[in-house]
Each structure stands twice: as C-alpha cells, then as structure tokens.
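A short write-up of the structure that comes next.
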Amino acid sequence: MNIVNYIGKNVKIGRNVKIWHFTYIGDNTIIGDNTKIGSLVHIDYNVKIGSNCMIEGMVYIPPYTVIEDNVFIGPGVIFTNDPYPPSKKLVGTIVKRGAVIGAGAVIAPGIEIGEEAVIGMGSVVTSNIHPGMVYYGNPAKKRYSIKEYIEKRRKWEEG
C-alpha cells in the first residue's frame, strides 16, 4: 500500500514525531519533539506546533497558528484565520500549553486559548478562553474550573 503525505519546503520536524496517513504539512512549519499527528490532517504554512502534542485526524490548522507544548486537539477540529473571508489579512490562533480541544470544535480567528483550558466537543469558540477553565457550547461559555474537570474525569474513569 502506498501511503502519501505531503511535507512542504523548510519544514522542521522534531525527534520521534509520528505522522499518520494522508497528512499535509505546509511550508515553513515547525513541529516539536514527540508530537503525534493523525490521518487526514491539514497543517498549512507558517504554523508552529510544540512538543508532546496530539493532533487527531481530520483537523485543519491554518497559517499563523501557534500551538504550544502538551496540547491535545480532538478529531475534526477546525481553526480559522480570516474574520472576513476572503480577505487579504489573516490572523493566527494561539493555543497555550496543556490545553485540550474536544472533537469537532470550531475556533474563530485570532483567539487565544489559555494554559490548561478545556474546550468541549462541538463548541464554537468566538472569544478568548481563560487559563484553567472549561468552556463548551455555541457560543462556548465558561462552565467550571479545570479542578472540577479533573475530578469529573477521575470519577468517570473509576466508575
């Protein structure tokens, strides 16, 4: 079986990076060590992805997006970078260290997602996300703290 990935020019890929099938990585992108990228992911040009990240399948990451270390991005997440398409001016999103973005979330252009924040599946994020907080809904709203999230997850895993 012939597995086809496209990796553009001047791409820097760290050690122990795993890239699954049919993934596109645009020019001048940087990917840190130990990051895993799922199938059918489109990472456009001038993107920076940190170390120890997990990007699940069918994610779109547009130009100028910055993803820091230890970030989880669930399947089918869509980042956007043009508030008035199709305009000539693009703006990136910043995802801070340790953030979690659930499956199918849509992130508006120019958003900052704070450290260790969690965005629930299917959410539409239209404003900045505070660090250490859980947001979900359409539009995404602050629901509870990361401490409460960790306790809920613990109970679920034990249950």
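The values are calculated or read from the model by the stated rules, or taken from the named source; none is laboratory data. Just so it is clear, the structure is predicted and the values come from calculations on it, not from any experiment. As a convention, Cβ positions derive from the backbone with ideal geometry for all residues, glycine included, and neighbour counts pool all protein chains shown.
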Inter-residue pairs, beta-carbon under 8 Å, first in a strand (DSSP E or B) and in the range 11-37, second of a type in the set (Gly, Ala, Ser), 6+ apart: Ile25/Gly8; Ile31/Gly14
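May I ask you to say which residue of Pro63, Pro86 is touching a Leu at 6+ places or on another chain (Cβ under 8 Å) and in a loop (DSSP other than H, G, I, E, B)?
On the way: Pro86 fails: touching a Leu at 6+ places or on another chain (Cβ under 8 Å).
The conditions single out Pro63.
Of all residues being of a type in the set (Gly, Ala, Ser) and surrounded by fewer than 17 Cβ atoms within 10 Å (Cβ to Cβ) in the range 118-146, which is farthest from the chain's Cα centre (by Cα)? Just the residue, please. I'd like the intermediate steps shown before the answer.
As a first pass, look at the range 118-146 and keep what is of a type in the set (Gly, Ala, Ser): 120, 122-123, 127, 132, 137, 140, 145.
Checking which are surrounded by fewer than 17 Cβ atoms within 10 Å (Cβ to Cβ) leaves us with 122, 127, 132, 137, 145.
Values: Gly122: 13, Ser127: 16, Gly132: 16, Gly137: 17, Ser145: 20 Å.
Only one residue tops the list, namely Ser145.
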Looking only at the range 95-117, and only at residues there that are touching a Gly at 6+ places or on another chain (Cβ under 7 Å) and not small (Gly, Ala, Ser), the one that is surrounded by the most Cβ atoms within 10 Å (Cβ to Cβ): Ile101
Lone qualifier among Glu115, Glu157 - being touching a residue at least 12 places away in the same chain (Cβ under 8 Å), over 11 Å from the mean Cα position of the chain (by Cα) and more than 25 Å from Met58 (Cβ to Cβ): Glu115
Failed condition for His130, given (1) touching a strand residue (DSSP E or B) at 6+ places or on another chain (Cβ under 6 Å); (2) of a type outside the set (D, E, K, R); (3) over 17 Å from Phe72 (Cβ atoms): (1)
Close pairs from the range 133-151: first in contact (Cβ under 8 Å) with a residue 12 or more places away in the chain, partner part of a loop (DSSP other than H, G, I, E, B) and among the acidic types (Asp, Glu), Cβ under 8 Å, at least 6 apart: Ile146/Glu116
Residue match in the range 61-68 (condition: over 25 Å from Gly120 (Cα atoms), in contact with a Ser or Thr (Cβ under 8 Å, 6 or more places away or on another chain) and not hydrophobic (A, V, I, L, M, F, W, C)): no
Qualifying positions in the range 38-57 - among the β-branched types (Val, Ile, Thr) and part of a strand (DSSP E or B): Ile43, Ile49, Ile55
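Has the range 41-55 got any residue that is of a type in the set (Lys, Arg), out of contact with any helix residue (DSSP H, G or I) (no Cβ under 8 Å at 6 or more places or on another chain) and crowded, with 17+ Cβ neighbours inside 10 Å? Steps first, answer last, please.
In the first step, residues of the range 41-55 are kept if they are of a type in the set (Lys, Arg); the result is 48.
If we keep only those that are out of contact with any helix residue (DSSP H, G or I) (no Cβ under 8 Å at 6 or more places or on another chain) as well, we get 48.
Subsequent filtering for residues that are crowded, with 17+ Cβ neighbours inside 10 Å retains 48.
For the range 41-55, residues of a type in the set (Lys, Arg), out of contact with any helix residue (DSSP H, G or I) (no Cβ under 8 Å at 6 or more places or on another chain) and crowded, with 17+ Cβ neighbours inside 10 Å: present.
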Of residues in the range 1-30 being farther than 20 Å from Gly76 by Cβ and β-branched (Val, Ile, Thr), the one surrounded by the most Cβ atoms within 10 Å (Cβ to Cβ): Thr29
Residue pairs meeting the criteria (Cβ under 6 Å; at least 6 apart or on separate chains; first more than 16 Å from Gly32 (Cα to Cα), in the range 48-68; second at pLDDT 95 or above and in a strand (DSSP E or B)): Val59/Ile73; Tyr60/His42; Tyr60/Ile78; Pro62/Phe79
Number of the condition not met by Gly110 [criteria: (1) more than 21 Å from Arg153 (Cβ to Cβ); (2) out of contact with any Pro (no Cβ under 8 Å at 6 or more places or on another chain); (3) not β-branched (Val, Ile, Thr)]: (2)
